[in-house]
Amino acid sequence: MTDEAELEGNRFFFALAENGEIHSVSLDAWTDTGLRGAFEFEGDEIPQDLDLGQLALGAGGVARLVVLDPERRPVNGARVRARDVEGIAEETDSEGRATLQGLPPDATFEVLARGFEPIRFPAPISLEPVEVVLQRANRLTIRILDSNGAPQPAARLRISAEGVLFPEGVFNRFLTPQIPGLGSLGGRDGELHYYRLVADERGSVELQSILPGRTFALDVEDEAGGSAHHEVVEPMEAQEQRELTVRLSRPSRSLAGRVQDLFGQPLEGAAVTLLGERDGIGRKTEPDGRFLFEGLYGEEFEMKVELRGYVSSRLREVRVPPDAVPLQVVLEQGRDVRVSVVDARGKRIDAGSVFAFLSDGDQPWFAKPQADGPRLLSDVPFLDLRVRLQLDGKEFWQTLPAHVDEIVIPVPEFGRLEVAFEPDPGLPRERLGLLLRSIDEARQRWVHLIPTRTAPMEFEAVLPGSYDLSFSIWEERGSEAKFVSLRPPMRVQVAPGETTRVQLR
C-alpha cells in the first residue's frame with residue numbers, strides 16, 4: 001500500500017501501486033477529539049473487494065500533566081507528547097498544564113523544554129493531574145561576530161566530536177531553533193559525528209544537554225564548507241551555563257561570473273555549482289548570464305556549469321579573487337546520442353550501465369534509461385568518444401564517432417537463472433542473500449537479498465558460463481562490509497537463451 005490516503009467524510013481510500021498485491025494491512029487511526037483505534041488484517045481477513053467495512057474507534061486514555069521546574073514553578077511552553085504515537089502532542093500553558101487524549105494503554109511520554117533535560121516515563125492514564133519535575137540542563141550560548149565586532153546573523157556553524165554530543169531526541173528544532181531546514185541536521189563521517197546550525201538574527205546559537213565530558217570542535221563555515229574559524233571547545237559539565245564569543249579574523253568574499261556560448265551570447269538558467277571542502281552551493285544564471293556567490297570563506301573551489309543542450313563545463317581550480325573580477329565561462333553546444341544494447345538475436349537488453357568518455361581521466365557521461373526505447377547520452381561534445389557498457393564486471397567497449405547520434409553495442413545472448421531455496425529458519429532474513437559469482441572470464445557477480453516470500457528468485461540477463469551459487473550473509477567488520485558465503489557453493493551452468501532452474505538448500 002502507499003502512504004497516501006484520501007478522506008471522504010469518515011471513509012478512507014488508500015491508493016495502491018500498479019499491480020500491487022496486499023498480504024497484510026495495519027491501520028492506526030485517531031481524531032482530534034481523542035478517539036483512537038489500531039487494526040490489523042492479514043491474508044483471508046482482507047475482503048476481495050478491499051472494503052474493510054466499519055472500524056470503530058475507542059475513547060483511548062486521558063492523561064493530565066503539570067510540568068514544574070526544580071523550584072516547583074510551572075514551566076510554560078514545554079512540549080509533551082506520546083512517543084511512537086502519531087497525533088498526540090501538546091504544549092504546556094502558563095500553569096504548566098497539558099492534557100493528552102486518545103492514548104493507547106502502553107504509551108510512553110516525552111517532555112521537552114528549553115533549558116531542561118528531556119524526560120521519558122510510562123504514560124500515567126489518570127483523570128487526576130500528575131506532576132512532572134524537570135532538571136536543569138547545561139546550556140552553551142555561542143555568539144558570532146564579524147571582524148569589526150558586529151553580530152553575524154545567519155552565520156553557519158558546524159560542531160563535531162568523536163561520538164554523539166547529545167542524548168537521543170535532544171538535537172531537534174524544538175529545543176534548538178537554530179537548526180537549518182531541509183533536513184540538514186548533520187551526519188556521521190566514520191567515528192566523527194557532526195551537527196549543523198545557523199545563527200539567529202542576533203548572531204547567536206543556543207545549545208543544551210551537551211553530554212558532559214565531551215570535547216568538540218566548532219567551525220564557522222560558508223555554504224560550501226570553507227572555514228573562517230576553528231577552535232576546540234572544552235567539555236561541558238552538568239547544569240553548567242556558558243557563553244562563547246567567536247570573532248572572525250577576516251571578512252567573507254564574493255565570486256561573480258558570466259556564462260555565455262561560443263558566440264558571446266549570454267546563457268540564462270545555467271546551473272552553476274560551487275563545490276567546496278564539504279558541500280556545494282547552487283545558483284541559476286540571470287537573463288544576462290550572470291551569477292554571484294556571496295559570503296565565501298574558502299579561497300579555492302571546483303565549479304560545475306550545466307545547461308540542457310550544452311556540454312557541461314567543470315573548472316577544477318577556481319580561486320576567489322580579492323578584487324571580485326568576474327569569471328567568464330563558455331559552454332559549447334552538445335548533442336544527444338541514443339545507445340541500444342542488443343544480444344546475438346537482436347533483442348534489446350536493459351541490463352548494465354553505459355558511460356561515454358573523452359579519455360580515461362575525464363568525467364564520464366551516463367546514458368540514462370528511457371521509458372520506451374534506447375538509452376540516452378545527453379549533451380555530449382561533437383568529438384570522438386569511447387563508450388563502455390559495464391555488466392557487473394564484464395565490459396564491452398564501442399567507439400562513438402563525432403556527429404553520430406545513434407550507436408548499437410552488441411553483447412552475447414544471455415541466459416536466465418531461477419533459484420528455489422530453503423534457508424535455515426534461524427538465519428536473519430534481513431541480512432541473508434543469494435550470491436551468484438562467475439568462475440570464468442565473464443566475471444559477473446550478483447547478490448539478491450532474500451525477501452520473506454519463498455517463491456523462486458530470478459537472475460535476469462546472466463552471461464553464459466559457469467557460476468558458483470551460495471547462501472551469503474551481510475557482515476560488517478570494522479570499516480569493511482561485504483557478503484560472505486555461509487557454506488560451500490553450488491556449481492551452476494548457464495546456457496545462452498535458456499532458463500536454468502536449481503534448488504538450493
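Extending 7 Å from the Cα toward the beta-carbon at both ASP93 and SER254 defines two label points whose distance is 5.2 nm. Taking only the alpha carbons of the stretch 375-447, we obtain Rg and Dmax values of 18.9, 59 Å in that order. Dipole magnitude for the stretch 162-246: computed about the Cα centre from +1 point charges on Lys and Arg Cβ and -1 point charges on Asp and Glu Cβ, it is near 260 debye.
Looking at the stretch 266-299, the GluC sites (Glu not before Pro) that sit in a DSSP loop and have at most 15 other Cβ atoms within 10 Å of their own Cβ are GLU268, GLU277, GLU299. Rounded to the nearest 20, the size of the Cβ-charge dipole of the chain about its Cα centre is 1000 debye, with Lys and Arg at +1 and Asp and Glu at -1. Efficiency by 1/(1 + (r/R0)^6): what FRET value for LEU292 and THR108, r their Cβ-Cβ distance, R0 = 41 Å, to the nearest 0.05? After rounding, the FRET efficiency stands at 0.25. For LYS394, the lysines whose Cα falls under 24 Å of its own Cα, not counting residues fewer than eight places away in the same chain, are LYS347, LYS368, LYS482. Full extension of the chain between ASP200 and ASP44 gives 50.5 nm of extra length, using 0.36 nm per residue less the Cα-Cα distance. Accessible surface of the chain, 1.4 Å probe: 47 percent of it comes from carbon and sulfur atoms. Computing Rg and the Kirkwood Rh from the Cα coordinates of the stretch 256-321 gives a ratio, Rg/Rh, of 0.96.
Separation of the stretch 91-154 and the stretch 335-408, taken as the distance between their Cα centroids, equals 56 angstrom. Take every Cα pair under 8 Å whose residues are at least 6 apart in sequence, average their separation, divide by the length of the stretch 274-402, and the relative contact order is 18 percent. Fraction of C-alpha pairs exceeding 22 angstrom in the stretch 288-361: 49 percent, rounded to a whole number. Average accessible surface for the chain: 56 Å² per residue, computed with a 1.4 Å probe over protein heavy atoms with every protein chain in place. Based on Cα contacts under 8 Å between residues 6+ apart, the stretch 205-279 shows a relative contact order of 30 percent. Note on PHE263 and ARG505: the model spin-label points, each 7 Å out from Cα along the C-beta direction, lie 7.5 nm apart. So which GluC sites (Glu not before Pro) in the stretch 83-128 end up in coil per DSSP with only 15 or fewer other C-beta atoms within 10 Å? Those that pass, being in a loop and sparsely packed, are GLU86, GLU95. In units of the compact-protein estimate 2.2 N^0.38 Å, the chain shows a Cα radius of gyration of 1.29.
The values are calculated or read from the model by the stated rules, or taken from the named source; none is laboratory data. These figures come from a predicted structure and were not determined experimentally. Here the Cβ is made from the backbone with ideal geometry for all residues, glycine too, and neighbour counts use every protein chain on show. Just so you know, the surface numbers come from the protein's heavy atoms only, side chains and all, with ligands and any DNA or RNA stripped out. Shrake-Rupley method; radii C 1.70, N 1.55, O 1.52, S 1.80 Å.
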